[in-house]
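A short worksheet on the structure shown next.
The values are calculated or read from the model by the stated rules, or taken from the named source; none is laboratory data. Just so you know, these numbers come straight off a predicted model, no measurement behind them. So basically every Cβ, Gly included, is an ideal-geometry build from the backbone, and we count neighbours across all protein chains shown.
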Amino acid sequence: MQRLSQHQRGLTLNELARRHDCVLRGDPGARVRRVAPLARADSRCIAFFLQRAYLDDLRATSAGAVILSERHAGECPVAALVTPDPYGVYARVADKLHALMPLSPGVHPHATVDPNAEVDPSCEVSAGARVAAGAVLERGVFVGANVTVGGNARIGEGSRLLANAAICESVRIGRRCIAHPSAVLGADGFGQAPGEDGSWFKIPQLGSVRVGDDVEIGASTVIDRGALEDTVIGDGVRLDNLIQVGHNAHIGEHTAIAAGCMIAGSARIGRRCRIAGHVGVAGHLEICDDVVLLARTVVTRSVREPGAYAGSMTPMEEVSSWRRNAARFRRLDELYRQVRRLERRK
Amino acid sequence: MQRLSQHQRGLTLNELARRHDCVLRGDPGARVRRVAPLARADSRCIAFFLQRAYLDDLRATSAGAVILSERHAGECPVAALVTPDPYGVYARVADKLHALMPLSPGVHPHATVDPNAEVDPSCEVSAGARVAAGAVLERGVFVGANVTVGGNARIGEGSRLLANAAICESVRIGRRCIAHPSAVLGADGFGQAPGEDGSWFKIPQLGSVRVGDDVEIGASTVIDRGALEDTVIGDGVRLDNLIQVGHNAHIGEHTAIAAGCMIAGSARIGRRCRIAGHVGVAGHLEICDDVVLLARTVVTRSVREPGAYAGSMTPMEEVSSWRRNAARFRRLDELYRQVRRLERRK
Amino acid sequence: MQRLSQHQRGLTLNELARRHDCVLRGDPGARVRRVAPLARADSRCIAFFLQRAYLDDLRATSAGAVILSERHAGECPVAALVTPDPYGVYARVADKLHALMPLSPGVHPHATVDPNAEVDPSCEVSAGARVAAGAVLERGVFVGANVTVGGNARIGEGSRLLANAAICESVRIGRRCIAHPSAVLGADGFGQAPGEDGSWFKIPQLGSVRVGDDVEIGASTVIDRGALEDTVIGDGVRLDNLIQVGHNAHIGEHTAIAAGCMIAGSARIGRRCRIAGHVGVAGHLEICDDVVLLARTVVTRSVREPGAYAGSMTPMEEVSSWRRNAARFRRLDELYRQVRRLERRK
């Protein structure tokens, strides 16, 4: 998303320290205008230090200031903002110095807004965007180039729909959400009734998608509309790119899901879960709050206890040895029974 | 896809029972106008019952009628349509009460139709759509907002291309198909000739994509065009979201594939297969008719017998025990040999 | 990509043999105009032979000429271009006979080019495309229908952006690159700072994406912009469809990656690697040059030695036996310990 390349006047270290509860070591009146990596920062930049791998960069930095923890503050050759949460403070400082580009309110002449759509005058609707009849864009919504907003969709205050995203009919998006390029919200769920001859009859998908506030939806991520009820994405959810969320799924508040996950229909995922890449979640099951799933896990039963779970990922190795081990997998049950027999015979 | 929120006049239970071979218990003249879940249905709604988990909802429902099987008909407090296939009947009733929005024939002034394209006057071409020279849209085709139809593509009667889909040049789509938002049909296959220095030379992809009748293609699903011959999708195939179909693949009639599957080039998949999420199919192999593949299976050899197959999915467990088991996987072959030795020594 | 269906005048076998260092057997003056499969080729076509599976087609071909290796030249009933690399020669001959459609320079009246964008007059900008302020399109760039090019992006000479692709602000693409339909370059990386209450604070993504020359990016593939530095794609890289490349990842020259791979943030992949489908690469690790990764491998540690690696893929089998084996996986560590005990006791 387009942001300012630097803060116009800069902010004083004093201001930053007070705003983010940091202990300041250095000149309170010094100003920084942008963030930069330790190795490339000059005196107008503020950097951050987190990982020991960058200790040499820290010692040699020319930054105006560095955000870091007490533990490494002694190694910092320049002004320091000391905090127990350098990453979180960095995120907020960067967001302040590099604010999102302000909107240019209005509807581009090459956009197509239906006369029966309701677009607040503070919105920016870009070239090639299409807003259909009955759609409502609340204050300060940004609709990017070639975005489509379907009939009766509602986009909450301050949300941003980026290039080529498709928001289908009747989808409701909360406030301050972001739909990244080519995201699709509200496509039909995959509901098919099997016939006796093996053919399929498409089941009308009559629900919609309801997205809470402060949700981020990654590029080319697809959230299907519900069959009868809605698919629901809770407040503060973070979805990475290329994720599938099936019809009638519920994703709880503040859950974060990494790229390539496939969440099947009617799955219910709790709050504050952290789901790594390529995870699969089967349909019609529940995952409770505060569950961590490692990459590539397949969830085929409900998870009722918070904790970290894994599966479906055997260690990488050279192809020759992997081939032998994988082949033995097919005899694992037999092997288990052999061991049992041997034990009994001793 | 946009559907009517209810049937204008409603349908009588008698009509529905006769049309769908149901036994009617209740007032034949009562009318229903829309479908609803058991718990939210009022007297103008028809609901369905399938899973015992919803038995309490059934017993308490205020629906005008319920579609269900003989076995549970006794539990239904309201009128009942009794059938051995409640799901199939529900699908058809829902489709009747909530028909697709009728088209508004014509080309939107903000669409771009090449003068050498052939668009039947019954088609609806939405704002931002582009139809290139030589393309043919048969009767009743819907082209959604910001869809692109390439040169010489042909879209069969009654097919619907939804927002931001891309149908590339020369692709042929049959009748009554649906391409969901951001689907891509006819992108170049991944054909690369390796050079001695490790570089690649792109192989022209000169085939196309041929899609049969009654096919549904999910959001952000990609079907590549063939290298020399065509990639072929049979009648009645159902593809979920975010699927890749490689060049020259063939998918047989009525096969259904769930989200996130990757079908490599020149794979031939039979008819009436059911393929679950995240499955991978290697190139240049065959899967016969009536094969079921469980989630996450990797198919690296041809499947010549109908049946259900699985692989590549070990059970989910807590990270600590998973770590131990996964580590042992690397010694599985060694373990197998140890057991053999022990057995011989007894 | 749209190519000529045949070469206007055709090329002589003599010309082709000389250009591609082949030994010609047959009439040097005979002309071929297009490529075709052995079984469908007529005397104006040139075909190629690679796999023994097609030996019958070779023996019965009516092609004007066949590209093949010395070993099978004796089986060819028509003129032959004999070469140690039939696939490579075929690729180049096909590219010559079926050249890309030449551009129709100019900006379509339904495209939207900002007055502050710089578009070379040799470029073709299609209907529905949007080129934002500060963007630069070098000589001979093709911008397809409904493509969006963000502010200050730069597209190198001869590159082609196909339908509905989204190139975000400040992304730099080299020369002769192809972005296939719905590709997304420069979406925000997935950077989220965790709060104590489980909520997330979005970390501004201030880097960009830098793509080298001769790169091909598949349909619906997403390359995220860097957090502070750039995400970098080296010269000659080939990315298939539906791939995710996380922020700050580096992909070395001539590496090819198949569909459905998820490359996490800050991963560094070397040159000339070949990565099969559905592979996952964790963040902050390095893969050296010349590494081959089999399908479905998960890379969770750095790979420092060239070679072929696999993991995470157990063999496909019938569901009933798979279920038993998968269940035993959970006891694999226990089994290992039992065997150790048994061995000690002998």
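Might you check whether a residue that is under 30 Å from A:Asn152 (Cα atoms) and among the acidic types (Asp, Glu) occurs anywhere in the range A:73-87?
No, every residue in the range A:73-87 fails to be under 30 Å from A:Asn152 (Cα atoms) and among the acidic types (Asp, Glu).
Of the residues that make up the range A:250-259, is at least one in contact with a strand residue (DSSP E or B) (Cβ under 7 Å, 6 or more places away or on another chain), free of Cβ contacts under 8 Å to residues at least 60 places away in the same chain and more than 11 Å from chain C (Cβ to nearest Cβ)?
Taking every residue of the range A:250-259 in turn, at least one turns out to be in contact with a strand residue (DSSP E or B) (Cβ under 7 Å, 6 or more places away or on another chain), free of Cβ contacts under 8 Å to residues at least 60 places away in the same chain and more than 11 Å from chain C (Cβ to nearest Cβ).
Is it true that some residue in the range B:139-146 is assigned to a loop (DSSP other than H, G, I, E, B) and touching a residue at least 24 places away in the same chain (Cβ under 8 Å)?
There is at least one residue in the range B:139-146 that is assigned to a loop (DSSP other than H, G, I, E, B) and touching a residue at least 24 places away in the same chain (Cβ under 8 Å).
Can you tell me how many residues in the range C:283-325 are more than 24 Å from B:Leu294 (Cβ to Cβ), of a type in the set (Ser, Thr, Tyr) and more than 9 Å from chain A (Cβ to nearest Cβ)?
Residues that pass the stated criteria total 1.
Any residue at all in the range A:115-134 that's among the basic types (Lys, Arg) and within 9 Å of chain C (Cβ to nearest Cβ)?
Among the residues of the range A:115-134, not one is among the basic types (Lys, Arg) and within 9 Å of chain C (Cβ to nearest Cβ), which makes the answer no.
Quick one: which residue in A:Ala249, A:Ala259 is touching a His at 6+ places or on another chain (Cβ under 9 Å), over 19 Å from B:Ala310 (Cβ atoms) and of a type outside the set (Ser, Thr, Tyr)?
A:Ala259
Can you find a residue that is within 14 Å of the chain's Cα centre (by Cα) and either more than 24 Å from A:Gln244 (Cβ to Cβ) or within 11 Å of chain A (Cβ to nearest Cβ) (or both) anywhere in the range B:182-202?
Yes, because at least one residue in the range B:182-202 is within 14 Å of the chain's Cα centre (by Cα) and either more than 24 Å from A:Gln244 (Cβ to Cβ) or within 11 Å of chain A (Cβ to nearest Cβ) (or both).
Quick check on my filter: what residues within the range A:301-327 are at pLDDT below 90 and not small (Gly, Ala, Ser)?
Those that are at pLDDT below 90 and not small (Gly, Ala, Ser): A:Met313, A:Thr314, A:Pro315, A:Met316, A:Glu317, A:Glu318, A:Val319, A:Trp322, A:Arg323, A:Arg324, A:Asn325.
Give the range B:1-17 a look and list any residue that's surrounded by fewer than 19 Cβ atoms within 10 Å (Cβ to Cβ) and aliphatic (A, V, I, L, M), or say none.
Once the filter is applied, which keeps residues that are surrounded by fewer than 19 Cβ atoms within 10 Å (Cβ to Cβ) and aliphatic (A, V, I, L, M), the range B:1-17 yields B:Leu4, B:Leu11.
What are the pairs with Cβ atoms under 9 angstrom where one residue, in the range C:320-346, is assigned to a helix (DSSP H, G or I) and exposed (fewer than 15 other Cβ atoms within 10 Å of the Cβ) and the other, located anywhere, is modelled with pLDDT under 85 and among the charged types (D, E, K, R)? Sequence gap at least six, or different chains.
C:Arg345/A:Lys346
When residues of the range B:87-143 are filtered for being among the polar types (S, T, N, Q) and modelled with pLDDT under 95, how many remain?
Total meeting the criteria: 0.
Collect the residues in the range B:115-146 that are surrounded by 17 or more Cβ atoms within 10 Å (Cβ to Cβ) and charged (D, E, K, R), keeping them in residue-number order.
The answer is B:Glu124, B:Arg130, B:Glu138.
Among the listed residues B:His72, B:His20, identify the single one that is in contact (Cβ under 8 Å) with a residue 24 or more places away in the chain and crowded, with 16+ Cβ neighbours inside 10 Å.
On the way: B:His72 fails: in contact (Cβ under 8 Å) with a residue 24 or more places away in the chain.
Just one listed residue meets the conditions, B:His20.
Mind checking which residues of the range A:217-232 are within 14 Å of chain C (Cβ to nearest Cβ) and either farther than 20 Å from C:Gln244 by Cβ or out of contact with any Asp or Glu (no Cβ under 8 Å at 6 or more places or on another chain) (or both)?
Residues satisfying the conditions are A:Ile217, A:Ser220, A:Val222.
Would you mind finding the one in A:Val171, A:Val141, A:Val136 that is among the aliphatic types (A, V, I, L, M) and more than 27 Å from C:Ser220 (Cα to Cα)?
Answer to the check: A:Val136.
Please state which of the following conditions C:Ala166 fails to meet, knowing it meets all the rest: (1) buried (at least 24 other Cβ atoms within 10 Å of the Cβ); (2) touching a residue at least 60 places away in the same chain (Cβ under 8 Å).
So the condition that C:Ala166 fails would be (2).
Test A:Gly174 against the criterion of being of a type in the set (Gly, Ala, Ser) and within 27 Å of B:Gly88 (Cα to Cα), and give yes or no. Let's see the steps before the verdict.
Values: of a type in the set (Gly, Ala, Ser): yes; within 27 Å of B:Gly88 (Cα to Cα): no.
In short, no.
Do we find that A:Ala63 is buried (at least 21 other Cβ atoms within 10 Å of the Cβ) and touching a Cys at 6+ places or on another chain (Cβ under 6 Å) in this structure?
So A:Ala63 fits the description; yes.
Six or more apart or on different chains, Cβ atoms under 6 Å: show the pairs whose first residue is in the range B:94-123 and closer than 26 Å to A:His110 by Cα and without any contact (Cβ under 8 Å) to a residue 40 or more places away in the chain and whose second is basic (Lys, Arg) and surrounded by 15 or more Cβ atoms within 10 Å (Cβ to Cβ).
B:Thr112/B:Arg130
How many residues are within 8 Å of another protein chain (Cβ to nearest Cβ) and either touching a Gly at 6+ places or on another chain (Cβ under 7 Å) or free of Cβ contacts under 8 Å to residues at least 24 places away in the same chain (or both) when one looks only at the range C:171-181?
1
Within the range B:93-114, track down each residue that is away from chain C (no Cβ under 14 Å) and either surrounded by fewer than 20 Cβ atoms within 10 Å (Cβ to Cβ) or not in a helix (DSSP H, G or I) (or both).
Residues satisfying the conditions are B:Asp95, B:Lys96, B:His98, B:Ala99, B:Leu100, B:Met101, B:Pro102, B:Leu103, B:Ser104, B:Pro105, B:Gly106.
A:Pro121 - would you say it is assigned to a loop (DSSP other than H, G, I, E, B) and in contact with a helix residue (DSSP H, G or I) (Cβ under 6 Å, 6 or more places away or on another chain)?
no
Which residue is farthest from the chain's Cα centre (by Cα), if the candidates are limited to the range B:300-322 and must be among the aliphatic types (A, V, I, L, M) and within 21 Å of A:Val279 (Cβ to Cβ)?
Per the stated criteria, the residue is B:Val319.
Could you grab me the full set of residues in the range C:23-53 that are farther than 23 Å from C:Ser5 by Cβ and without any contact (Cβ under 8 Å) to a residue 24 or more places away in the chain?
C:Pro28, C:Gly29, C:Gln51, C:Arg52, C:Ala53
For B:Arg272, indicate whether it is assigned to a loop (DSSP other than H, G, I, E, B), basic (Lys, Arg), within 10 Å of chain C (Cβ to nearest Cβ) and buried (at least 18 other Cβ atoms within 10 Å of the Cβ).
No, not satisfied.
Regarding C:Ala63, is this residue over 30 Å from C:Gly158 (Cβ atoms), small (Gly, Ala, Ser) and in contact with a Lys or Arg (Cβ under 6 Å, 6 or more places away or on another chain)?
no
With crowded, with 24+ Cβ neighbours inside 10 Å and farther than 21 Å from A:Ala183 by Cα as the only criterion, which of C:Val237, C:Val222 stands out?
The unique qualifying residue is C:Val237.
Please go through the range A:241-251 and pick out each residue that is assigned to a loop (DSSP other than H, G, I, E, B) and either out of contact with any Asp or Glu (no Cβ under 9 Å at 6 or more places or on another chain) or surrounded by fewer than 22 Cβ atoms within 10 Å (Cβ to Cβ) (or both).
Matches in the range A:241-251: A:Leu242, A:Ile243.
With the checklist (1) acidic (Asp, Glu); (2) in contact (Cβ under 8 Å) with a residue 24 or more places away in the chain; (3) at negative phi in hand, flag the one item B:Glu15 doesn't pass.
So B:Glu15 meets the others, but not (2).
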